[in-house]
1. Shape call for the stretch 1-79 from the C-alpha gyration tensor, a ≥ b ≥ c root eigenvalues: rounded (a/c under 1.5), prolate (a/b greater than b/c) or oblate?
2. So for the chain, taking the charge dipole from beta-carbon charges (+1 Lys/Arg, -1 Asp/Glu), which of PRO14, LEU208, ILE162 sits furthest toward the positive end?
3. How big is the dipole moment of the chain about its Cα centre under a simple scheme where the beta carbon of each Lys and Arg is +1, that of each Asp and Glu is -1, and everything else is neutral? Debye, nearest 20, please.
4. With a cap of 16 neighbouring Cβ atoms within 10 Å, and only residues DSSP puts in a loop, list the GluC sites (Glu not before Pro) found in the stretch 178-276.
5. Report, for the stretch 1-143, the % of DSSP beta bridges that are antiparallel, rounded to 5.
6. Could you check which residue among GLY252, GLY264, GLY11 shows the biggest mean-square fluctuation in a GNM of the chain with a 10 Å Cα cutoff?
7. Taking the Cα centre of the stretch 1-149 as origin, work out the dipole magnitude from +1 charges on Lys and Arg Cβ and -1 charges on Asp and Glu Cβ, in debye rounded to 20.
8. Counting only DSSP beta bridges with both residues in the chain, tell me the antiparallel percent, nearest 5.
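Computed from the coordinates by the stated procedures, all read-outs in this text should not be read as laboratory data. These figures come from a predicted structure and were not determined experimentally. Don't worry about glycine lacking a Cβ; one is built from the backbone with ideal geometry, like all the others, and counts go over all protein chains shown.
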Amino acid sequence: MTKIAVVPGDGIGPEVIGEALRVLAALAPDIKTEAFDLGADRYLRDGTTMPADVMARFGSEFDAVLLGALGDPRVPSNVHAKDILLGSRFQLDLYINFRPCRLLDARYCPLKDKSEADVDFVVFRENTEGLYTGVGGQFKRGTADEVAMEQEINTRKGVERIIRAAFSWARTNGRKRVCMSDKANAMRHGHDLWQRVFREVAAEYPDLQTSHLYVDVLAMRLVQAPQEFDVIVTNNLFGDILTDLGAALQGGIGLASSGNLNPGKAALFEPVHGSAPDIAGQGVANPLASILTVGMMLAYLGRAEDETRIQAAVQRCLKAGRVTRELGGSLRTTEATDAVLAALG
């Protein structure tokens with residue numbers, strides 16, 4: 001039996017994840033879910049962030065983890081969020097951050113004269129190295145002579161496996177172009193490694209068109225001509241930035257989903273948006289990103305047809321204006337999910 005661990009998260013997280021679970025139950029009633037009491041409330045209650053035994057269970061007992069947004073003003077350090085999200089990425093070795101950037105309704109794209117066909121690319125972001133490893137330190141903290149250092153980590157293994165994942169996905173899914181982005185003109189040691197590995201792997205995929213763009217140029221081209229891109233592969237920091245740009249192109253973070261993957265292992269799926277504590281509990285949060293995330297999770301679990309159905313249903317709701325106020329509609333959170341379920345038939 002397929003088993004999903006659910007961490008509802010903070011703020012609006014429990015609301016929108018609850019709505020996403022309604023869609024999951026409608027499409028896949030055979031999937032078993034188990035909720036875990038993790039997040040700001042648990043941390044404030046007893047100091048727990050991510051117990052080691054729970055992490056072990058995620059990796060051994062479950063096929064995937066569905067995670068809600070994390071973040072609470074009562075925990076300004078966000079230590080619980082770091083331990084849960086980054087801890088899961090590193091300890092489960094989820095080296096792929098997979099972000100689809102697909103426009104479902106052209107009215108929501110901030111670029112003029114762009115159709116749904118113009119914004120349809122994916123980003124493979126390296127998820128366990130780069131500048132997010134926490135390697136570095138501070139010297140003479142709090143003084144006029146303070147020095148702070150953050151070190152970027154690039155390993156041959158880490159760079160090669162994310163690049164191979166991007167090429168493999170492109171070929172399997174009928175995409176024609178793979179673009180690698182770095183900043184080797186300014187960061188010549190680590191990003192020279194990216195360039196050399198990219199060329200070597202690209203040679204094994206002569207059927208695919210390959211290109212390289214420095215990250216600043218890529219950001220510019222995504223705004224000017226997003227239709228040029230199918231698959232983008234890049235490092236942790238640049239991927240973090242570029243995928244938020246991609247989310248804006250597809251209509252906002254309220255429509256953006258993501259997966260943290262290591263093929264063949266338990267994966268972690270999360271909507272991209274934040275916990276929005278200012279609207280928590282009011283019944284107005286937009287559940288569509290969480291619903292689309294469930295679609296991505298189902299595809300990972302071998303149910304690609306269910307993801308296709310979810311995307312089509314969400315697209316029908318967007319085009320009909322059956323959405324929450326964030327997207328210009330008037331529906332409440334549960335009503336927006338009702339609309340998706342109705343569109344699913």
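1. It comes out oblate by the Cα gyration axes.
2. Of the listed residues, the answer is LEU208.
3. In total the dipole reaches around 540 debye.
4. GLU204
5. Counting DSSP beta bridges with both partners in the stretch 1-143, the antiparallel share is about 45 percent.
6. Of GLY252, GLY264, GLY11, the Gaussian network model singles out GLY264 as fluctuating most.
7. 200
8. 40
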